[in-house]
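A short write-up of the structure that comes next.
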Amino acid sequence: MVRMVGKKKSLIRLGSILLITALMASGCGSSPSPTKTEEKPVKVGIIDTYTGGAAVYASDSLDGFKLAVKESADKGGPKIEFVTRDDEFKPDKSTSWAKELVMREQVDFLAGTTNSAGSLAVSQYAKESKVPFIVWGGMSDKITGEAGHRYVFSTLPNTAIIGKAGASQLSKTSYQKVWLAGSDYEYGHSVINNLWSNLTTLKPGVEKMGETWWRVGETDFTPYINAIRSAKPDVLVVGTGGADMVAFMKAVKATGLNQEIPVWAHTSYDPATLRPLGDQAPEGVLGTNPYLFNYPDTAENKAFVDAFKKEYNREPAAFALYGYMGGKFLGEAIKKAGSTDKEKIIDAMEGLTIDTPVGKATLRKEDHQVAIPMSYGVVAKVNGIFTGNDLHTLNSEEIMPSIDAILKARSK
Amino acid sequence: MSTNNLKLIENPKGKFSNYLGLGLAITGILILLMAPTILTQYYVYLLATVFTTALLATSLNLVLGYGGLLHLHHGVFFGVGAYTVAIVTTKTSWPFAVAVMLAPLVAALIALVIGWFCVRLRGLYFGMLTLALGQLVWAIVYRWNALTNGDNGIHAIPVPEFLSSINSVYYTTLLILVISLVILYMITKSPFGLTLLATRDNPVRSESVGINVKRHRLTAFVIAGFFAGISGVLFVLVERSVAPSLLFWNESAEVLIMCLMGGLTVFMGPMLGAGILVLISMIVGLYTEYWLLVLGLLLLFLVLFLPQGILGYLMEIYNKSQTRRGEN
Amino acid sequence: MDFATLASQFFIGLSRGMIFFIVSAGLTLIFGVLRITNFAHGALYMIGAFIAYSVSTLFGQGPYGFWLALLVAPLVVMFVSLVIERGLLRFIYNRDHLIQMLLTYSLVLIAGDLVKIIWGTEYKSMDIPNVLRGSFNLWGASLPWYNAFLLIVGPVVALGLWLFLSKTHLGKICRATATDREMVDVLGINSTRVFATVFALGGWLAGLGGALIAPTTTISMGMDASIIIYAFLIVVIGGLGNIWGALISSIIMGVGEAFGILFIPGVAIIIPYIIAGVLLILRPSGLLKSAW
């Protein structure tokens, strides 16, 4: 270790003074306010995770959003500008970027972020600074639930919706003895809690045999699967996502679990899950899924898929839809409000219904949560390719959380 | 551990340079006091975050630079301090002042527990244990949903009315930073501080002269934890939300980098490192998502070419010029 | 809890321990001989997994692809490690531990973004070769073939390491360097060649670990972070620099976690820290003597 040397404050202070001067200089050169008399474009500041394991979702959302912005501009609609910031999946960075975007970039809207804690933190700041925040990545039900408010919107189905949809699907089966499992983080627990509370209401006979929680980023699921198998439940219900989902599905196939015990997992037949698995996908796994590029087979969906493919050379995944809806809701709301005033746009967004690739979507007035249908089905090999099969659609009314419960939770 | 060959400064100018230093320090503080009237709100907020981080980095240096200990997970105490404020204000009805006073004490307590296990080891082993035990604290915070809200974090932390504006938070953090720095500085210059240096440079000899090396190290560890807890409080004042990611190892690594960048051997080094790192991360983040790559390259450069840090390097130049002048 | 479950869980835990061992053996080797904490070890493991994926995909994810990947990936990682050692590490051998650690940490940051640039952000998956697919019946419970495969690879690697270190000339020099570097220099042996060899070998082991785990999991960024914590805990528990210690603690960690999952599945995430904490409180300097 180096020996300590004495202090020479002059040099240090000189450095600090230079630092401050530099800051002052850059501070004085803040972004110019628009002087044109024509309508200024609405500026959106996007905070999302472009680094690390969750980055694939952020880039999907961004691409979907960009497509919506482009479509809006092409149709002669409102112009939307945007800038992006990477929060590295750290909520403290989400908040500091949010502050930079609002105070320095002077954005009109905030959007993002895949990290639920980050979404909650930014949502809080959005409320205080009165800058509307469109969440298209964070799935915590608290975002539009108990922590919701006027300045936050969500354009993706949250864990309450997922849980209710899963419960709906499982209630139609004959399984009684349930084993719950998942990745040990808020998302996993929230999906399972919501699913279980809804399932016990829909099907009072169900019995919880046990719970297993593995760490996020677990690589080998064999010990967990082996332990669960020995308990012999009627069905294994799993709350997991992201990289864990693919690894888990792989392990299910490798251990042959799906042939012994039925398994349910949200997004089990999503292309993002099945594609990396190749021909090692476990057949028979039940699941719910918010979006598929080939279902429903409607004109709107086809148009969206074609446009997305043309722009980005790949099929759109669920997060691309959420980003796209975020952009489309914003564009339509600006048009409806006939102004770029934030408050007027918020008013226009409440209760707004637009056409989307999955049909009509509405931003509920009371909680600002998007209401879209959800499909459920099972993984099967069709024409040599693994895909979702035996698909049914759940209407949004069947799966949206109760408004009364939310308003009650908020008032506490 | 190897020692670099830097001469200890003897200060021939004596009182004059001390007064010069003091005068410039006061000028610096006055300029900072005026900042909210000159800068836009965002930069005031940014400076407040710099102050918070500067305190954290300086507290680490008590153990790292002055104590010569490989402390790899200092961020844990910062996180514990922040969480204490968050939990007390949102889950109890105790007044805010209690939360603020409790935070550094809880942080110091955790530091005492972790430090007690670690100071019995030396060098690399000390480092590994701080890492392991720190991660254990992270795992507990992450998993203890009932207390900490798990990985959702705690948000909308209520603060008293007078702390609700950016300017008031700025002045508060500046005030607490200056007071803490003065206290820390006096500690480094006190007999305890000088003994700590001795335990760093030659622990065997210190032991043989009758100094309880373990006790000194543990005390330094706890003091550092205490001030890290304070910086955790400042963090809550500025950001008003906490999440378990604050206690993960990569946050502590960034604090280490700050100390290295500014200079482990100079009291003000970590402060400068904190300021530079916060600024650079913000500027780079405006233009690219590859901030971590930039940080990695920056760190590589520092490690290979400037391990004594910026201020350490300036000190070397100054010393060389002094000795030359002394020879004439 | 019947015998079949306990037995199969034991073997599964053991096979996990084998992966832990392969990765932490490299780490502890580098500790022992070079006295460097290689934070980049997890990044090398991750690169091994990605390269295994790429090689396997190049061959259509078929059986040849897997075995070729298993051969090529560790070699590539070994080469990368050699470049790192010759190009960067050797300049800081005489420096502080802190400097050395931060250098390896800088590589973690750089590697993370480089992997993102080269391979992109989408999740990748690699197939298990046909011959190792499925599971077989073990006293009424089923054990996947791949886990059985790992149970063979692990001891083979351990045996190979032991042979290298105790029977070959270079291996003996490595051990001597770990015990007394100066003496080795005084005897006129080129210690720089030793360092390069050891670091390359450590990298090879990390790459092998990554290639072995790749078919069982999702290959994505963040893989390095999840393994490095385990590896460090295991190395610290086992005794810094002690390969047998790494083997024992890997087995304890793997089997311990597997049984923990059987009995307290709700809080499985804490198990490694509990194991580490208990062992460290009992024997703070490691189970076996450090630096063999």
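The values are calculated or read from the model by the stated rules, or taken from the named source; none is laboratory data. None of these values were measured; they are calculated from a predicted model. All Cβ positions, glycine included, derive from the backbone under ideal geometry; neighbour counts span all protein chains shown. The area values use the complete protein model at the heavy-atom level, side chains included, leaving out ligands, DNA and RNA. Shrake-Rupley method; radii C 1.70, N 1.55, O 1.52, S 1.80 Å.
Given the condition away from chain A (no Cβ under 14 Å), surrounded by fewer than 22 Cβ atoms within 10 Å (Cβ to Cβ) and assigned to a helix (DSSP H, G or I), answer yes or no: does some residue in segment C:264-271 qualify? No.
Every residue, every condition in (1) in a helix (DSSP H, G or I); (2) closer than 28 Å to C:Pro144 by Cβ, yes or no:
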residue: A:Thr219; (1), (2): no, yes
residue: A:Ala307; (1), (2): yes, no
residue: A:Arg314; (1), (2): no, no
residue: A:Met325; (1), (2): yes, no
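Does A:Gly239 count as more than 27 Å from A:Gly52 (Cα to Cα) and small (Gly, Ala, Ser)? The answer is no for A:Gly239. Restricting the search to helices (runs of 4 or more DSSP H) fully inside segment B:141-227 and requiring at least 2 residues that are within 13 Å of another protein chain (Cβ to nearest Cβ) gives B:145-148, B:166-189, B:191-201. Pairs meeting the criteria (first residue in segment A:334-354 and part of a strand (DSSP E or B), second residue not aromatic (Phe, Trp, Tyr), beta carbons under 7 Å, at least 6 apart or on different chains) are A:Thr353/A:Lys360; A:Thr353/A:Ala361; A:Thr353/A:Thr362; A:Ile354/A:Lys328; A:Ile354/A:Glu332; A:Ile354/A:Ala361. Taking segment A:101-205 as the region of interest, the helices (runs of 4 or more DSSP H) fully inside it that hold 2 or more residues being in contact (Cβ under 8 Å) with a residue 24 or more places away in the chain and under 16 Å from A:Ile47 (Cα atoms) are A:116-129.
Any chance you could count how many residues in segment C:104-137 are more than 14 Å from chain B (Cβ to nearest Cβ) and either of a type in the set (S, T, N, Q) or assigned to a helix (DSSP H, G or I) (or both)?
We begin by selecting, within segment C:104-137, every residue more than 14 Å from chain B (Cβ to nearest Cβ); these are C:119, C:122-137.
Still in the running and either of a type in the set (S, T, N, Q) or assigned to a helix (DSSP H, G or I) (or both): C:119, C:125, C:130-132, C:135, C:137.
Number satisfying all stated conditions: 7.
Only one of these is more than 7 Å from every other protein chain (Cβ to nearest Cβ), at pLDDT below 95 and on the phi > 0 side of the Ramachandran plot: A:Gly205, A:Gly242, A:Gly256. Name it. Write out each step before concluding.
Details: A:Gly205 fails: on the phi > 0 side of the Ramachandran plot; A:Gly256 fails: more than 7 Å from every other protein chain (Cβ to nearest Cβ).
After applying the criteria, what remains is A:Gly242.
Looking at this structure, is B:Val233 modelled with pLDDT of 95 or more, in contact with a helix residue (DSSP H, G or I) (Cβ under 8 Å, 6 or more places away or on another chain) and of a type in the set (Val, Ile, Thr)? Yes, satisfied.
Counting the residues of segment A:186-202 that are open to solvent by less than 50 Å² (accessible area, probe 1.4 Å) and within 12 Å of another protein chain (Cβ to nearest Cβ) gives 6. Residues of segment C:219-238 that are of a type outside the set (A, V, I, L, M, F, W, C) and modelled with pLDDT of 85 or more: C:Ser220, C:Asp224, C:Tyr230, C:Gly238.
When you check A:Thr273 against the structure, is it modelled with pLDDT under 95, closer than 18 Å to A:Tyr376 by Cα and buried (at least 24 other Cβ atoms within 10 Å of the Cβ), yes or no? Judged against the criteria, A:Thr273 is a match. C:Ala43 is checked against (1) open to solvent by 10 Å² or more (accessible area, probe 1.4 Å); (2) within 14 Å of chain B (Cβ to nearest Cβ) and fails just one. What number does that condition carry? Every condition holds for C:Ala43 apart from (1). All conditions but one from (1) more than 26 Å from A:Ile46 (Cβ to Cβ); (2) more than 23 Å from the chain's Cα centre (by Cα) apply to A:Thr340; the one that does not is (1).
Take B:Leu298 and tell me if it is closer than 17 Å to C:Met101 by Cα, within 14 Å of chain C (Cβ to nearest Cβ) and either touching an Asp or Glu at 6+ places or on another chain (Cβ under 7 Å) or part of a helix (DSSP H, G or I) (or both).
Details: closer than 17 Å to C:Met101 by Cα: yes; within 14 Å of chain C (Cβ to nearest Cβ): yes; either touching an Asp or Glu at 6+ places or on another chain (Cβ under 7 Å) or part of a helix (DSSP H, G or I) (or both): yes.
Here the answer is yes, as B:Leu298 does meet what is asked.
Of the residues making up segment C:87-104, those that are touching a helix residue (DSSP H, G or I) at 6+ places or on another chain (Cβ under 6 Å) and crowded, with 21+ Cβ neighbours inside 10 Å are C:Gln100, C:Leu102, C:Leu103.
Quick one: which residue in B:Gly275, B:Gly285 is away from chain C (no Cβ under 13 Å) and touching a Lys or Arg at 6+ places or on another chain (Cβ under 7 Å)? Checking each option against the conditions leaves just B:Gly285. Taking first residues from segment B:80-105 that are outside any helix (DSSP H, G or I) and partners that are open to solvent by less than 20 Å² (accessible area, probe 1.4 Å), the Cβ contacts under 6 Å between residues at least 6 apart in sequence or on separate chains come to B:Trp94/B:Val88. If a residue has to be out of contact with any Pro (no Cβ under 9 Å at 6 or more places or on another chain) and either outside the structural domain of A:Asp234 (by TED's automatic domain parsing) or open to solvent by 10 Å² or more (accessible area, probe 1.4 Å) (or both) to count, how many in segment A:209-223 make the cut? Number satisfying all stated conditions: 4. When B:Leu47, B:Leu55 are checked against the criterion of being more than 10 Å from chain A (Cβ to nearest Cβ), closer than 30 Å to A:Ser129 by Cα, buried (at least 21 other Cβ atoms within 10 Å of the Cβ) and at pLDDT 85 or above, B:Leu55 stands alone in meeting it. A:Phe82 falls short on exactly one of the conditions (1) more than 7 Å from every other protein chain (Cβ to nearest Cβ); (2) buried (at least 24 other Cβ atoms within 10 Å of the Cβ), and that condition is (2).
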